Every structure is written in structure tokens, then in C-alpha cells.
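*Asks:* After the C-alpha cells below, expect a handful of questions from me.
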Amino acid sequence: MSEIKITLPDGSERQYEKGVTAMDVAMDISEGLARNVLAAKVNGEVRDATRPINEDATLSLLTWNDDEGKSTMWHSSAHLMAEALEALYPGVKLGIGPPIENGFYYDVDFGNQVFDAENLKAIEDKMLELAREKNPYVRKDINKQDAVDYYQKKGDEYKLELLEGLEDGNITFYEQGNFTDLCRGPHIPHTGFIKAAKVLSIAGAYWRGDEKRKQLTRLYAITFPKQKELTEYLALLEEAKKRDHRKIGKELGLFTFSEKVGKGLPLWLPKGAVLRERLENFLKKAQVKAGYEQVVTPHIGSKELYVTSGHYAKYGEDSFQPIRTPAEDEEFLLKPMNCPHHCEIYKSSPKSYKELPVRYAEFGTVYRYEQSGELHGLTRVRGFTQDDAHIFCRPDQVKAEFAKVIDLVLYVFSALGFEDFTAQISLRDPENPDKYIGSDENWDRAEREITEVAAEKKLKTVVELGEAAFYGPKLDFMVKDALGRKWQLGTIQVDYNLPERFELEYTGTDNQKHRPVMIHRAPFGSMERFVAILIESTAGDFPVWLAPEQIAVLPISEKYHDYAHSVYSFLQQEDIRGYIDERDEKIGKKIRDAEVKKIPYMLIVGEQESESASVSVRAHGKGDQGSMKIEEFKDFFNNTVKELLNKGN
């Protein structure tokens with residue numbers, strides 16, 4: 001047999017006979033390593049660790065410590081859960097069962113069988129019983145007709161529909177134990193790696209996301225290689241429930257929803273409006289320093305605007321439908337994006353190379369139709385405000401401008417305490433070129449520039465194919481919150497295509513017309529989603545500069561109300577906001593209530609304080625901070641805010 005060369009991540013090379021598996025290589029390195037290998041990355045493709053390698057290849061062995069290893073185990077666990085469901089509910093029909101960020105789900109049609117949500121423990125027990133059999137996951141190539149025959153015999157219309165979109169020669173089944181599923185894989189070597197299982201929740205899901213199709217039962221679940229890890233994860237989920245932004249938002253009086261206003265359309269209450277205003281002012285101030293100009297655009301635009309931009313072709317069917325006016329053939333759309341409007345602002349006057357870069361910023365509210373089942377608090381809404389900006393620059397300015405935007409994003413994250421993040425370089429999907437607009441030349445250049453600047457900034461990066469916007473690649477900032485969950489917040493995108501579509505120009509040094517390059521950026525992403533993540537990450541304990549109510553003045557009795565008002569009036573003039581608690585309650589209760597409201601500073605005033613023009617200061621969660629003169633507290637407060645805001649500089 002001929003030999004092939006295997007290159008490992010450290011650059012070392014090993015020779016093996018053709019047909020060697022990643023598991024064979026792992027065994028050759030260390031038996032202990034082999035016991036933990038869940039899958040392998042061969043020439044950049046995640047594959048079964050037991051699948052033969054027939055050519056020279058780079059090889060990474062994936063374990064539970066790798067995201068791809070976890071994903072493979074959760075994909076395999078979805079098959080295990082499906083096997084358990086078939087055993088417990090004979091004749092059940094299966095839709096799809098992919099891995100997700102934390103765990104997996106399977107869409108199931110129980111037919112006429114009664115599915116009792118209280119039977120989840122039986123599903124978990126059956127999964128573990130089957131897992132202990134250590135059945136291997138076996139990959140089988142199958143021709144299309146045999147696959148169709150198999151599912152026709154089973155009477156499973158869902159798998160038959162999935163087969164319609166597959167070509168003969170590219171179809172694989174996976175088997176484990178008594179279960180067979182249509183799947184391209186990859187999977188873990190055998191079921192024995194799964195030692196702990198939990199069905200987390202149940203939801204309804206329309207088949208293929210179509211509200212006109214049958215609603216299936218979606219079972220969300222998660223598995224782990226150790227029971228201890230499941231126990232820790234469930235404790236984390238309990239903490240997440242306490243931090244749920246919907247719960248805390250209601251307790252702190254930040255936002256609400258109304259069925260009469262419409263699903264997915266948040267209403268910001270006074271305290272929430274203050275929070276938003278502070279965030280906006282914080283970023284506006286940073287943007288002014290960075291050379292941005294503020295613009296304002298309308299909430300609607302002519303349909304033709306979005307036809308030109310390409311948004312209508314890509315998103316038109318899934319957006320709010322056109323607004324028709326009494327005039328013939330006149331149609332408008334609720335604004336799904338701010339960028340087409342900013343292109344028209346740029347185009348409103350001639351530009352010289354000397355004027356570039358031009359940086360337009362707007363807190364622009366946009367509207368996108370999300371299916372009602374996908375709406376979730378502030379994280380998935382139908383109307384949201386983006387901290388949007390678009391930079392129009394010369395090609396030779398792209399990298400410098402991109403680097404400046406990264407600095408701005410890092411400043412925002414630092415000021416808000418987001419320190420654990422990864423920069424995701426989101427590129428085209430080479431398998432689906434039709435998803436994108438523009439020339440390969442422009443795409444290649446934009447992808448190269450983003451990658452180079454991220455490296456120069458020494459960012460911790462990952463590359464994700466297929467995550468680019470339809471008009472250009474991007475750098476997405478994936479932030480981990482206090483519970484270790486990943487969220488996409490800031491995004492920066494390089495776009496050579498919209499300037500082409502809108503025929504944007506500037507006059508160059510040669511007195512000829514040239515195309516500018518467009519950089520899209522949003523450090524927050526959307527105000528709604530950002531606030532939701534901020535609430536859950538801080539549990540509502542906002543940085544003092546951001547808190548809607550920063551102080552509570554607590555008079556010991558009615559006798560000191562006048563002094564309390566004089567203290568508050570002085571601090572109000574310094575733009576320090578809060579309230580006076582004039583209730584006829586004991587001071588202990590006033591303090592406890594202020595703690596529940598997460599007020600950063602409580603200023604207690606009584607006889608001693610009124611006589612010495614001072615306040616007794618308590619910090620939320622930290623207790624007594626001692627007595628301070630009013631001027632002294634003002635300086636202490638302002639210095640604390642300044643220190644927090646300068647953290648990222």
C-alpha cells in the first residue's frame with residue numbers, strides 16, 4: 001500500500017499507510033489521547049475520527065475541549081435521542097436534529113400519540129441506557145433510490161422531502177444500534193462517550209420554518225461526558241433564569257411589550273429611555289472625537305432604494321410587505337437597513353479625494369419581520385435601533401479606517417466590562433457563491449484586508465465560512481458574558497459592492513472619477529439586543545455612569561426632607577440622577593429597597609449630616625463608605641465615572 005503524509009497542528013509530520021484513520025493516529029500518539037478523541041479536522045473539514053484518510057492531509061484531533069468536538073458530540077446525541085424516542089414512541093416521525101451552541105434539538109412529529117412533557121425523565125433514562133451499549137456510529141454511502149425506498153417504507157414524509165434536495169452520490173446514512181438516520185455527519189466514534197443527558201425544554205416549530213406547514217414538537221437537550229459537568233451547567237441555567245433580561249427589565253422598570261402595539265415592538269419606559277440615552281450619548285461623544293458626523297434618515301424608503309441596494313432581492317419576501325400609497329405604482333418599505341440611505345446622503349454632493357474619509361453615524365431604527373415563534377424579549381424583535389455608521393474612504397485608506405473602528409469597539413467593550421471576546425472573521429461560503437453580490441476580485445481584497453488588520457491588532461480570531469453579509473466580509477465580535485455564553489455584539493464590514501450599485505464616486509488626484517469603499521460598523525449592534533445582554537451580564541448592576549438612577553437620597557425622617565432636597569438639587573446640577581425617598585418608612589427599609597433597585601449609591605441624611613453639609617454614603621453591594629461633604633461626594637462620583645469611561649483609552 002502507498003504511504004501518505006499526515007501533518008499535525010505543531011507542524012510535525014508522520015507517515016502512515018493510505019486508509020489510516022484519525023483514531024489510528026491518536027492511538028499512535030497516546031492511548032490516553034485516543035480515549036478522548038470525538039472527531040477530527042482533516043484538511044480543514046470536520047470528519048468522523050474513524051473515517052479513512054486516503055491522501056496527504058493536515059490533521060487536528062478534536063476533543064470535548066474543542067468547539068467542533070462538542071458540536072460533533074451534540075450532533076451524535078441528537079441521533080441518540082431520536083433512537084430513544086423511536087423506542088418509547090414507535091412510529092414517531094423525525095424532522096431535523098442539528099447541534100446548536102449549547103446542546104441540540106430534534107423536531108418530531110408524534111402523530112396521534114400523546115406526548116407527555118412529564119415523560120422527559122424517561123427519554124433521558126433511555127438515552128443513557130442506549131449510550132451504555134457503546135454502539136458505534138457507522139457511516140454508509142447510499143444511493144438515492146435506496147434512501148427513498150427506506151423512508152417510503154417507514155412512511156416518513158419529512159426525510160423524503162429532505163431527500164428531494166439531495167443529489168445521488170452525495171447521500172449518507174448513519175447507523176447506531178437499532179437506529180438509522182439520513183445525515184452527512186460527522187459523528188463521535190460510539191455512544192459510550194455520552195455519560196449525562198438532560199432534555200431542557202419543549203417548543204413548537206413549523207416544519208422548515210414555514211408557518212403554513214405542520215407544527216412539530218421541538219425537543220431541546222444537552223449531553224456531557226461527565227455528570228459533574230451537567231450538574232454545573234444546570235446550576236448555570238438557574239443563574240441565567242435569575243438574570244433573564246425580561247425579568248430584570250420588568251423589576252427595574254426599563255421596558256415593556258403590548259399586544260395592542262404589536263409583537264416584537266418594545267416600549268421603553270422612562271428609566272429604560274434614560275439608559276438608552278446614556279448609551280447613545282456615550283457613543284456619540286466617542287464618535288465625535290473619532291471624526292464622525294451625525295445624520296438622520298426616515299423610517300421608510302422607496303422600494304426602488306432597496307432594489308438598488310440588493311436588500312429587496314435578498315430579504316424582500318421575509319420583510320414587512322411594501323406600503324402602497326394612493327399614487328399609482330408608488331411603494332415604500334419600512335427601513336430594514338440604514339446603509340442605502342447613507343449612500344444617498346454621500347451622493348448628494350460631489351466629493352474630492354481630499355474630503356475622504358467621510359464618516360456618517362446614525363442611531364437609526366430599522367424594521368425586520370421575525371416570525372412570532374422566534375421573538376424573544378429584546379434579543380429578537382421586529383423594530384430595533386442600530387448604532388450604525390458608514391465610512392466612505394479611498395481604497396488606500398481601508399486598512400487604517402478599519403483599524404480605527406476596531407479601537408472604537410474595544411473602547412466600548414472596555415467601558416462596559418466586556419473583556420472576554422473573540423473576533424470572528426466572517427467570510428464567504430465557497431460552496432454557495434449565489435448568496436453574494438459583487439466580483440471575486442473585490443471579495444478577495446476585502447477578505448484579505450480584514451484578516452490582515454485583525455492580525456496587526458493582535459486580536460484573538462476564528463474564521464467562519466458562510467457568515468459574511470451578502471455584500472461583503474465582516475469582523476464580528478463574539479463576547480462571552482458573566483455566565484460564559486457567547487453573543488455577537490460589535491460588527492465591522494468592508495463593502496466594495498454597494499458603492500458600485502449606487503454609483504458612488506469621488507474625484508481623484510488624476511481628476512478622474514473613482515469608486516469609494518464603504519465600511520459598515522456598529523459597536524453595539526442593536527440597542528435592544530445590547531441592552532438585553534448588558535442586563536443579563538451585569539444582572540442589572542450597571543456601571544454607575546450608565547445606571548438610570550445613580551443615587552437615592554434617603555432622609556432618616558420627615559424632619560430632614562428639606563435638607564435632602566437641597567442635596568439632591570445640588571447633585572442634579574452636576575447631572576447626577578436619582579430620587580429622594582420621602583416615604584414614611586424606617587431607614588433600614590429604605591436602604592433595602594434601594595439595594596433591590598440596584599441603585600449604585602445611597603446617600604443617608606439626618607441631623608449630623610444636615611449640620612455638617614455632608615452625606616453618609618453606602619455603595620450598592622459594598623455597604624458603608626463613610627461620611628463625605630457634598631462637594632467631596634460630587635468629586636468622588638465624577639472621578640469614579642471618569643475612571644470607568646477612561647478604562648478603554
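The values are calculated or read from the model by the stated rules, or taken from the named source; none is laboratory data. Just so it is clear, the model here is predicted, and its values are computed rather than measured. We place every Cβ from the backbone using ideal geometry, glycine too, and count neighbours over all the protein chains shown.
*Asks:* For the range 24-53, name all the residues that are outside any loop (DSSP other than H, G, I, E, B), aliphatic (A, V, I, L, M) and under 17 Å from Asn65 (Cα atoms).
*Replies:* Result: Ala26, Leu33, Ala34, Ala39, Ala40, Val46.
*Asks:* Do we have any residue at all in the range 89-112 that's touching a residue at least 40 places away in the same chain (Cβ under 8 Å), over 30 Å from Ala240 (Cβ atoms) and part of a helix (DSSP H, G or I)?
*Replies:* No.
*Asks:* State yes or no: is Glu574 in contact (Cβ under 8 Å) with a residue 40 or more places away in the chain and either over 20 Å from Asp624 (Cα atoms) or assigned by TED's automatic domain parsing to the domain that holds Ser627 (or both)?
*Replies:* yes
*Asks:* For the range 542-561, does any single residue satisfy the condition of being touching a residue at least 24 places away in the same chain (Cβ under 8 Å), under 30 Å from Ile345 (Cα atoms) and surrounded by fewer than 16 Cβ atoms within 10 Å (Cβ to Cβ)?
*Replies:* no
*Asks:* Another question, if that's okay. Tell me, please, whether a residue that is outside any loop (DSSP other than H, G, I, E, B), in the same structural domain as Leu275 (by TED's automatic domain parsing) and either more than 30 Å from Lys642 (Cα to Cα) or touching a Cys at 6+ places or on another chain (Cβ under 7 Å) (or both) can be found in the range 405-421.
*Replies:* Checked the range 405-421: no residue is outside any loop (DSSP other than H, G, I, E, B), in the same structural domain as Leu275 (by TED's automatic domain parsing) and either more than 30 Å from Lys642 (Cα to Cα) or touching a Cys at 6+ places or on another chain (Cβ under 7 Å) (or both).
*Asks:* Could you please find all residues in the range 596-620 being within 42 Å of the chain's Cα centre (by Cα) and surrounded by fewer than 15 Cβ atoms within 10 Å (Cβ to Cβ)?
*Replies:* If the condition is that a residue be within 42 Å of the chain's Cα centre (by Cα) and surrounded by fewer than 15 Cβ atoms within 10 Å (Cβ to Cβ), then Val596, Ala619 are the ones that fit.
Yes or no, residue by residue, for (1) over 21 Å from Gly103 (Cβ atoms); (2) hydrophobic (A, V, I, L, M, F, W, C); (3) at pLDDT 95 or above:
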| residue | (1), (2), (3) |
| --- | --- |
| Glu164 | yes, no, no |
| Asn170 | yes, no, no |
| Tyr174 | no, no, yes |
| Asn178 | yes, no, no |
| Ile188 | no, yes, yes |
| Thr191 | no, no, yes |
| Ile202 | no, yes, no |
| Glu211 | yes, no, no |
| Lys214 | yes, no, no |
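*Asks:* Return the pair list, or none, for Cβ contacts closer than 7 Å from residues in the range 622-636 that are closer than 19 Å to Ile576 by Cα to residues that are acidic (Asp, Glu), at least 6 apart or on different chains.
*Replies:* As it stands, the answer is Lys634/Glu574, since those pairs meet every condition given.
*Asks:* Looking only at the range 43-59, count every residue that is surrounded by fewer than 17 Cβ atoms within 10 Å (Cβ to Cβ) and either outside the structural domain of Asp24 (by TED's automatic domain parsing) or in contact (Cβ under 8 Å) with a residue 12 or more places away in the chain (or both) and tell me the total.
*Replies:* 7
*Asks:* What is the one condition in (1) within 15 Å of the chain's Cα centre (by Cα); (2) surrounded by fewer than 18 Cβ atoms within 10 Å (Cβ to Cβ) that Ala532 does not satisfy?
*Replies:* Every listed condition holds for Ala532 apart from (2).
*Asks:* Give me a count of the residues in the range 281-313 that are farther than 20 Å from Gly578 by Cβ and in a helix (DSSP H, G or I).
*Replies:* Count: 17.
*Asks:* Got a sec? Which of Asp444, Asp420, Asp495, Asp481 is free of Cβ contacts under 8 Å to residues at least 24 places away in the same chain and either surrounded by fewer than 23 Cβ atoms within 10 Å (Cβ to Cβ) or within 26 Å of Lys284 (Cβ to Cβ) (or both)?
*Replies:* Only one candidate qualifies: Asp444.
*Asks:* Give the residue that is nearest to Thr509 (Cα to Cα), with candidates limited to residues of the range 385-417 that are surrounded by fewer than 22 Cβ atoms within 10 Å (Cβ to Cβ) and aromatic (Phe, Trp, Tyr).
*Replies:* Tyr411
*Asks:* Among the residues of the range 590-606, which ones are within 14 Å of Val567 (Cβ to Cβ) and outside any strand (DSSP E or B)?
*Replies:* If the condition is that a residue be within 14 Å of Val567 (Cβ to Cβ) and outside any strand (DSSP E or B), then Gly606 is the only one that fits.
*Asks:* For Gly472, all conditions in the list (1) under 16 Å from Glu419 (Cα atoms); (2) at pLDDT below 85; (3) of a type outside the set (D, E, K, R) hold save one; what is the number of the exception?
*Replies:* Among (1) under 16 Å from Glu419 (Cα atoms); (2) at pLDDT below 85; (3) of a type outside the set (D, E, K, R), Gly472 violates only (1).
*Asks:* Looking for whichever is over 23 Å from Val261 (Cβ atoms) and in a loop (DSSP other than H, G, I, E, B) here; the options are Pro350, Pro340, Pro336. Which one fits?
*Replies:* Just one listed residue meets the conditions, Pro350.
*Asks:* Being among the charged types (D, E, K, R), within 18 Å of the chain's Cα centre (by Cα) and not in a strand (DSSP E or B) is the filter; apply it to the range 361-404 and report the residue that is modelled with the highest pLDDT.
*Replies:* Arg382
*Asks:* From Arg132, Arg184, Arg139, which residue is of a type in the set (Lys, Arg) and buried (at least 17 other Cβ atoms within 10 Å of the Cβ)?
*Replies:* Arg139
*Asks:* Moving to a separate point now. Just need a number here: residues in the range 125-153 that are in contact with a strand residue (DSSP E or B) (Cβ under 7 Å, 6 or more places away or on another chain), outside any helix (DSSP H, G or I) and within 17 Å of Ala84 (Cβ to Cβ).
*Replies:* The number of residues fulfilling the criteria is 3.
Here's the yes/no breakdown for (1) of a type in the set (A, V, I, L, M); (2) closer than 18 Å to Val199 by Cβ; (3) outside the structural domain of Trp487 (by TED's automatic domain parsing):
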residue: Val108; (1), (2), (3): yes, yes, yes
residue: Val114; (1), (2), (3): yes, yes, yes
residue: Glu124; (1), (2), (3): no, yes, yes
residue: Leu160; (1), (2), (3): yes, no, yes
residue: Glu164; (1), (2), (3): no, no, yes
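*Asks:* When both residues are 6+ apart or on different chains and their Cβ atoms are under 7 Å apart, which pairs have a first residue that lies in the range 287-308 and is among the aromatic types (Phe, Trp, Tyr), and a second that is part of a helix (DSSP H, G or I)?
*Replies:* Within 7 Å, the pairs are Tyr306/Tyr312; Tyr306/Pro340.
*Asks:* State whether the residues of the range 447-463 include one that is assigned by TED's automatic domain parsing to the domain that holds Ser526, closer than 26 Å to Asp67 by Cβ, in contact with a Pro (Cβ under 7 Å, 6 or more places away or on another chain) and buried (at least 17 other Cβ atoms within 10 Å of the Cβ).
*Replies:* Checked the range 447-463: at least one residue is assigned by TED's automatic domain parsing to the domain that holds Ser526, closer than 26 Å to Asp67 by Cβ, in contact with a Pro (Cβ under 7 Å, 6 or more places away or on another chain) and buried (at least 17 other Cβ atoms within 10 Å of the Cβ).
*Asks:* What strands (runs of 3 or more DSSP E) completely inside the range 471-588 contain at least 2 residues that are out of contact with any Gly (no Cβ under 8 Å at 6 or more places or on another chain) and farther than 28 Å from His620 by Cα?
*Replies:* The qualifying strands (runs of 3 or more DSSP E) are 474-480, 517-522.
*Asks:* Determine which single condition Asp244 fails, assuming it passes every other condition in (1) crowded, with 18+ Cβ neighbours inside 10 Å; (2) within 22 Å of the chain's Cα centre (by Cα).
*Replies:* Checking Asp244 against (1) crowded, with 18+ Cβ neighbours inside 10 Å; (2) within 22 Å of the chain's Cα centre (by Cα), the one that fails is (1).
*Asks:* State all residues of the range 10-43 that are within 21 Å of Ser76 (Cβ to Cβ) and aliphatic (A, V, I, L, M); if no residue qualifies, say none.
*Replies:* Across the range 10-43, the qualifying residues are Ala22, Met23, Val25, Ala26, Met27, Leu33, Ala34, Val37, Leu38, Ala39, Ala40, Val42.
*Asks:* Please go through the range 3-35 and pick out each residue that is among the small types (Gly, Ala, Ser), within 34 Å of the chain's Cα centre (by Cα) and surrounded by 11 or more Cβ atoms within 10 Å (Cβ to Cβ).
*Replies:* Ala22, Ala34
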